[in-house]
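Novice: My questions will all concern the structure given below.
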Amino acid sequence: MESMETNIFNASCSCDTIDLIKLREIERTYESETKVPLKLDRFFSHSPTSLSEKSYGSLLNFSSILKHVLENANIRKKFLSPLGPDYQQLVDNPISGGLFLGIDFHDSESGPKLIEINTNAGGLLINSILYDVQLNCTDHMQFDSSLIGNVNRLNFIFNAFQAEWSLQFPGKVLKTVAILDENPTEQFLYSEFLMYQSILKSKGIECFILSPDDLVSMEGNLYYNDQKIDFIYNRHTDFMLEGSSLTKVKDAFIQKKVCLSPNPIDYLLFANKSNLQYLSDKKFLEEIGIEQSKIDVLTSVIPQTILFKESERDYFWEKRKQIFFKPQNGYGSKGVYSGKKLTKSKFEEISKLDYLAQDEIPPTKRTIHEVDFKIDYRAYIYDFQMILLTSRLYQGQATNFRTEGGGFSPVLRNVSRIL
């Protein structure tokens, strides 16, 4: 019944729930520090989305189970096996998954179905403001509001950075942070970088927004101009630090000269797409001693994911219409193909590459003013605690911010009756 109520909301509500006056007031607060217009409205859909309480509960349970499974010594050994010997002194250190994990999923009649887990998932601060400016459109649902209000937002971000710093440098004082990305001023979420910078500066921490080329290595430490960098919030998509521009960052992290979050250990343990072939494999999970109740949770949420082998391409071609093909080392939607739309030539091309085949779980639908959108949900996680739940409305094969009327959408839950 609850799922039916959610479906009715997603199919029928066309309310515009953003308080634009309040949004502009919040923007001006940040812009007094950033000196750059944030233009946050361009990221947002003006209508909310709904998720059933049952699916919400299943997501929380999945996150909790995942924490226990990733603590398994056999899982950690397998997932961290690509690390070189230089990293071995770091692999036993306590880690959180980094700033910040994003669990992306589609909803279904049987509950949430995982798409992927991302390290350094963007949009947390932007979505926290989106929730801050909502006008409620129904008395029968409420917004998921884990991270709401300016004071709570400032304190949470400051505390998360301090917690991550303390994991890698316990007892030391954090003074400087660099938000790192390739050509950061050209990134779509550059406004969010500015917001992080503003929050950290308000808490007395010097913060710079940099590209790798801005950093200089001296005696193993990293500097920007005259400032030694203590902490790098890594928004770069070279998760394993393999590019030449990130060599100095890799070396500083390995030598324990800088706090790096997220880092290659976070990525391999939490967000490497190849992990899904093991976490969705009942036989493998049983063999390494995972409890049956935990296996049931994992395999109910994670669609079956297997290695796409060239030797079995006839089988995969036959089954392609039920499969999404994903590069093992990709991120976001880059290089992802729906088997329903895959040409024979492209199929032959990717059969020779490192790809995974995942059971396709279609997104649910959101209809606003008789226009249909697809829904991807995202739970932002830090240290396995859900910080915020949001969604993205889009059209086409992959999530994007080009769809008119689409964008980040806040999530309503706790349905009490059919509208």
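The values are calculated or read from the model by the stated rules, or taken from the named source; none is laboratory data. From a predicted model like this one, the values you see are computed outputs, not experimental measurements. Glycine also receives a Cβ, built like all others from the backbone with ideal geometry; neighbour counts cover every protein chain displayed. In case anyone asks, the SASA skips ligands and DNA or RNA and just uses the protein heavy atoms, side chains included. Shrake-Rupley method; radii C 1.70, N 1.55, O 1.52, S 1.80 Å.
Novice: Which condition does Gln328 not pass, out of (1) surrounded by 15 or more Cβ atoms within 10 Å (Cβ to Cβ); (2) of a type outside the set (A, V, I, L, M); (3) closer than 18 Å to Tyr394 by Cα; (4) touching a Ser or Thr at 6+ places or on another chain (Cβ under 7 Å), if it passes all the others?
Specialist: The failed condition is (3).
Novice: Would you check which residues across the stretch 289-344 are over 30 Å from Leu60 (Cβ atoms), within 25 Å of the chain's Cα centre (by Cα) and assigned to a helix (DSSP H, G or I) and list them?
Specialist: Within the stretch 289-344, just Gly339 meets the criteria.
Novice: Kindly indicate whether any position in the stretch 70-79 is under 19 Å from the mean Cα position of the chain (by Cα), in contact (Cβ under 8 Å) with a residue 12 or more places away in the chain and surrounded by fewer than 20 Cβ atoms within 10 Å (Cβ to Cβ).
Specialist: Yes, there is a match, as at least one residue in the stretch 70-79 is under 19 Å from the mean Cα position of the chain (by Cα), in contact (Cβ under 8 Å) with a residue 12 or more places away in the chain and surrounded by fewer than 20 Cβ atoms within 10 Å (Cβ to Cβ).
Novice: Next question, about the same structure. Restricting attention to the stretch 161-185, which residues are part of a strand (DSSP E or B) and over 19 Å from Phe239 (Cα atoms)?
Specialist: First, pick out the residues of the stretch 161-185 that are part of a strand (DSSP E or B): 176-180.
Within the stretch 161-185, just Thr176 meets the criteria.
Novice: Give me the residue from the stretch 6-28 that is open to solvent by 20 Å² or more (accessible area, probe 1.4 Å) and among the acidic types (Asp, Glu) and, out of that set, farthest from Arg153 (Cα to Cα).
Specialist: So the residue we want is Asp16.
Novice: Something else now. Would you call Thr305 within 19 Å of Leu356 (Cα to Cα) and β-branched (Val, Ile, Thr)?
Specialist: yes
Novice: Does Gly339 count as modelled with pLDDT under 85, open to solvent by 20 Å² or more (accessible area, probe 1.4 Å) and touching a strand residue (DSSP E or B) at 6+ places or on another chain (Cβ under 8 Å)?
Specialist: When the stated conditions are applied, Gly339 does not pass them.
Novice: All but one of (1) assigned to a helix (DSSP H, G or I); (2) open to solvent by 40 Å² or more (accessible area, probe 1.4 Å); (3) farther than 30 Å from Val371 by Cβ; (4) not small (Gly, Ala, Ser) hold for Glu31; which doesn't?
Specialist: Checking Glu31 against (1) assigned to a helix (DSSP H, G or I); (2) open to solvent by 40 Å² or more (accessible area, probe 1.4 Å); (3) farther than 30 Å from Val371 by Cβ; (4) not small (Gly, Ala, Ser), the one that fails is (2).
Novice: Among the residues of the stretch 120-153 satisfying the criterion of being at pLDDT below 65 and assigned to a helix (DSSP H, G or I), which is surrounded by the most Cβ atoms within 10 Å (Cβ to Cβ)?
Specialist: The residue in question is Asn150.
Novice: How many of the residues making up the stretch 351-370 are open to solvent by less than 60 Å² (accessible area, probe 1.4 Å) and modelled with pLDDT of 85 or more? Give the steps one after another, and end with the answer.
Specialist: Of all residues in the stretch 351-370, those open to solvent by less than 60 Å² (accessible area, probe 1.4 Å) come to 351, 355-358, 360-361, 363-364, 366-368.
Still in the list and also modelled with pLDDT of 85 or more: 355-358, 360-361, 363-364, 366-368.
So the answer is 11.
Novice: Can you pull out every residue in the stretch 291-320 that is open to solvent by 20 Å² or more (accessible area, probe 1.4 Å) and at pLDDT 90 or above?
Specialist: Scanning the stretch 291-320 gives Glu291, Gln292, Ser293, Lys294, Asp296, Val297, Thr299, Ser300, Gln304.
Novice: Can you list residue pairs whose Cβ atoms sit under 6 Å apart, with the first residue in the stretch 88-114 being among the basic types (Lys, Arg) and the second being assigned to a loop (DSSP other than H, G, I, E, B)? Count only pairs 6 or more apart in sequence or on different chains.
Specialist: Matching pairs, first to second residue: Lys113/Pro303; Lys113/Ile361.
Novice: Is one or more of the residues making up the stretch 38-49 surrounded by fewer than 19 Cβ atoms within 10 Å (Cβ to Cβ), modelled with pLDDT under 90 and outside any helix (DSSP H, G or I)?
Specialist: No, the conditions are met nowhere in the stretch 38-49.
Novice: Quick one: Tyr196 ticks every box in (1) part of a helix (DSSP H, G or I); (2) open to solvent by 20 Å² or more (accessible area, probe 1.4 Å) except a single one, so which number is it?
Specialist: (2)
Novice: May I pose another question? Kindly evaluate Leu269 against the criterion of being assigned to a helix (DSSP H, G or I), closer than 15 Å to Leu180 by Cβ and touching a helix residue (DSSP H, G or I) at 6+ places or on another chain (Cβ under 7 Å).
Specialist: Considered against the rule, which asks whether it is assigned to a helix (DSSP H, G or I), closer than 15 Å to Leu180 by Cβ and touching a helix residue (DSSP H, G or I) at 6+ places or on another chain (Cβ under 7 Å), Leu269 comes out as no.
Residue-wise test of (1) touching a residue at least 40 places away in the same chain (Cβ under 8 Å); (2) under 17 Å from the mean Cα position of the chain (by Cα); (3) over 29 Å from Thr185 (Cα atoms).
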residue: Tyr233; (1), (2), (3): yes, yes, no
residue: His236; (1), (2), (3): yes, yes, no
residue: Cys259; (1), (2), (3): yes, no, no
residue: Glu287; (1), (2), (3): no, no, yes
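Novice: I would also like to ask the following. Quick check on the stretch 10-33. Is at least one of its residues under 30 Å from Phe270 (Cβ atoms) and β-branched (Val, Ile, Thr)?
Specialist: No, because not a single residue in the stretch 10-33 is under 30 Å from Phe270 (Cβ atoms) and β-branched (Val, Ile, Thr).
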